[in-house]
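Below: one structure, written as structure tokens.
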Amino acid sequence: MENIYHPQVQSDKTALLFVESEEFERSIKDALLTASYSVLPMVVDNFVLQKLESFDPDVIILDVDRIKPSHIATLNIIQQITPKPIVFYVEYPTHDMIKAVIDSKINAYIASDRLPYHVEATLQIAFARFNEVQALRSELSEVKDKLENRKWLDRAKGLIMQQKGISENDAHKMLRKMAMDKGKKMDVVARDLVSYMEAFS
């Protein structure tokens, strides 16, 4: 079944359409083509990750009757490797299904309306939510990195102060000069210094 369907209007937008069997409902595929997406329908199986090496979609869509744990597990792995907007089209959504998706921390949008003229709007919402969540994750990652770097700087300054008997301000100046001399960031120099001094302490 792994044929890529292309829209009549040339576009670089791509969608990976996960389905339960080769006898899948065609309405989502046709709606995606109308929205100028190239579509690759694919049965969810153990070889999905290998197949993704040759197809890098803009959005991943799961069109199924019910969300299964195996679906969530597969999408969770994909999202860890290459985050994408994900849309679940579920015929019979239940509270347990929605909770399972939320608990999995997959950045997904759940819909049941398969009307062709609603599909593109649903994808736009999914992209907007995906970008918002990714921005928040990036911001959180930056904050964590800054806190981690600050810990290394504080440890390095503490060791310098202890060894040299100088103030924190002077230790900071010494670290800054070392970083400038080596052409490295202060946190990198701090990590190297702490590792070296602790190894020989």
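Considering (1) assigned to a helix (DSSP H, G or I); (2) without any contact (Cβ under 8 Å) to a residue 60 or more places away in the chain, the lone condition that ILE166 does not fulfil carries the number (1). When GLU132, GLU120, GLU142 are checked against the criterion of being among the acidic types (Asp, Glu), assigned to a helix (DSSP H, G or I) and in contact (Cβ under 8 Å) with a residue 24 or more places away in the chain, a single residue qualifies: GLU120. ILE110 meets each of the listed conditions (1) under 30 Å from TYR92 (Cα atoms); (2) not assigned by TED's automatic domain parsing to the domain that holds LYS99 apart from (2). When the range 1-43 is filtered for residues that are under 22 Å from GLN79 (Cα atoms) and aromatic (Phe, Trp, Tyr), the ones remaining, listed by number, are PHE18, TYR37.
The values are calculated or read from the model by the stated rules, or taken from the named source; none is laboratory data. Only a predicted model underlies this, so the values are computations on that prediction, with no experimental measurement involved. Positions of Cβ are backbone-derived with ideal geometry, glycine not excepted, and every protein chain shown enters the neighbour counts.
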